[in-house]
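Notes to accompany the following structure.
What follows draws every value from the coordinates through simple rules; no lab data is involved. Computed from a prediction, not measured in an experiment: that's the story for all the values here. Here Cβ is always computed from backbone atoms with ideal geometry, including for glycine, and neighbour counts include all displayed protein chains.
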Amino acid sequence: MTQGTLKPVCTFCNNFATKKLITGVEGGKSYDVFFCEQCAIGVTTPMPSYAELNALYASESYRTASGKRFNKLLERFIYLFRLGRKRRIEHYVKKGRILDIGCGRGLFLSLMRTGGWEVAGTEFDEETASYASRTYGIDVKSGVPSEWGFPDESFDVITIAHVLEHSQNPENMLAACRRLLRKDGLLVIAVPSIASLQAVVGKKVWFHLDIPYHLYHFSETGLAGLLKKYSFSISRIRRFDLEQGPFGWIQTMLNLSGIRKNLFYNLLKDPVLRNRELLEATKTEIVFTFILLPVFIPLSFLLSFFESFLLKRGGTIEIYAIKNNQGSVK
C-alpha cells in the first residue's frame with residue numbers, strides 16, 4: 001500500500017482503492033477506510049505497523065492474562081455460542097482434526113476436544129498462545145502462517161472466526177488454509193460485513209468496525225470472491241448471528257446517541273479490563289446507557305432480523321466453504 005491516506009493500493013488487485021468509505025475514525029490516531037470497488041473490500045489507512053499491532057494485542061491491553069475478556073455471566077453465554085458453532089461444524093464433519101486460527105484462550109478447541117476431535121490452534125500474541133497451551137494442553141502456535149509448522153493437508157476443518165479482518169495479509173492466510181486442509185476439507189470464516197445496514201448507519205461509530213484492530217473490511221461479495229480465487233466452493237452463508245448481530249446494533253445505536261464510544265461493551269468486560277477503560281467515563285453516561293437499553297435491545301433484534309433475512313446484509317457473515325479438488329492456486 002502507498003504511504004499516506006490518498007489512493008492506497010488495494011492489496012488484492014493492485015489497483016487504487018479510491019473510494020473513501022469512512023473517515024476520521026479515532027484509535028490513538030485518525031484512520032480512514034478506503035474501499036476497492038473491484039474487490040469489494042475495504043482497508044484501514046494508514047495501516048498499523050507490526051510493532052503497533054504487537055502492542056495492541058499484548059494480553060493485558062486486549063484481554064486479561066487468563067485470556068478472558070468479559071464478566072462471568074457473559075463468558076457463560078460465550079460458552080453456549082461456542083457449543084452452537086461446534087454443532088454447525090459437525091453437520092459437515094462428525095469428527096476429525098481441527099485448526100482454530102485465532103483461538104484466543106482455547107475455549108472452543110477445548111470443547112471440540114471433549115467431543116473427540118484432535119485440535120490445534122494459532123494466536124498472533126505469544127502470551128495468549130502460551131496460556132491456551134498451558135491451561136488446556138492444546139498445541140497452539142503463535143506468529144504468521146509461515147511460522148506455524150503444521151504439515152500440508154493435515155486438517156479436516158479450519159475455523160477463522162472474526163480473525164481474517166485482523167490479518168496483515170488475508171491472502172496468505174487463505175493460501176495457508178488451502179494448503180493445510182485435506183481433500184474436501186471444510187473452511188469456516190466469520191467476519192463483520194462492511195456492506196451491512198448497521199455499518200452504513202453507524203459509519204465511523206459502527207461497533208464492528210473496531211479500528212485499528214481491524215485492518216481489512218469485507219463485504220459478502222468480496223469475501224466470496226477471495227474464496228473462489230483460492231478454489232473454495234461456498235456451501236452455506238449465515239447472515240444472522242445471535243452473538244454478534246443484535247449487540248452490534250445495540251452498541252452502534254448507543255454510540256450514535258452521543259454516549260462515550262463502546263461504553264456498554266466496556267462495562268461488560270472482565271473487571272481488570274473494565275476498570276482500566278472506564279476511568280474517564282462519567283456517571284451521567286453510564287446512567288443514560290441503562291436508560292436507553294430497554295428501547296435499544298428490542299429494536300436491535302428487529303433491525304438484525306430485517307438486515308439479515310430481508311436485506312440479506314447482516315452485520316456479520318459466516319461462510320462455510322469446501323476445498324475444491326483441483327490443484328493449488330498459482
Net charge, Glu26 excluded, C-beta distance under 9 Å - Lys, Arg +1, Asp, Glu -1
+3
Those chymotrypsin sites (Phe, Trp or Tyr not before Pro) in the stretch 279-330 that DSSP places in a loop and that have at most 12 other beta carbons within 10 Å
none
Any idea what Rg and Dmax come out to for the chain if you just take the C-alpha atoms, in Å?
19.3, 60
Net +/- balance of residues flanking Arg238 in space, Cβ distance below 14 Å, scoring K and R +1, D and E -1
+2
Taking the Cα centre of the chain as the origin, how large is its charge dipole in debye, to the nearest 20, when only Lys and Arg (+1) and Asp and Glu (-1) carry charge on their Cβ atoms?
740
Take every DSSP beta bridge whose two residues both sit in the chain, then give the antiparallel share in percent to the nearest 5.
60
For the stretch 179-330, what are Rg and Dmax over the alpha carbons, in angstrom?
18.2, 60
Given the Cα-Cα distance of Phe290 and Lys29 and 0.36 nm per residue of separation, how much length would full extension add, in nm?
91.0 nm
Using the 10 angstrom Cβ neighbour count as an exposure proxy, how do Trp117, Trp206 rank, fewest first?
Trp117, Trp206
At q = 0.14, 0.20, 0.22 1/Å the base-10 log of I(q)/I(0) from the Debye formula over the alpha-carbon atoms of the stretch 240-311 is -0.46, -0.83, -0.95
For Val119, what residues show an amide H to amide H distance below 5 Å, using hydrogens built from the backbone and excluding near sequence neighbours?
Ile98
Helix-only estimate, please: 222 nm mean residue ellipticity of the chain, summing -39500 (n - 2.57) across DSSP H runs of length 4 or more and dividing by its residues, to the nearest 500.
-11000 deg cm²/dmol
Range in the chain, longest, excluding exposed GluC sites (Glu not before Pro) [loop by DSSP; at most 15 other beta-carbon atoms within 10 Å]
154-279
Which of these, Leu254, Leu111, Leu186, has the largest mean-square fluctuation under a Gaussian network model of the chain (Cα springs below 10 Å)?
Leu111
Pulled fully out, how much extra length does the chain show between Arg236 and Ser146, if you take 0.36 nm times their separation in residues and subtract their Cα-Cα distance?
29.5 nm
In the stretch 240-311, with Lys and Arg counted as +1 and Asp and Glu as -1 at Cβ, which of these residues, Phe247, Pro298, Tyr265, has the Cα nearest the positive end of the dipole, that is, farthest along it?
Tyr265
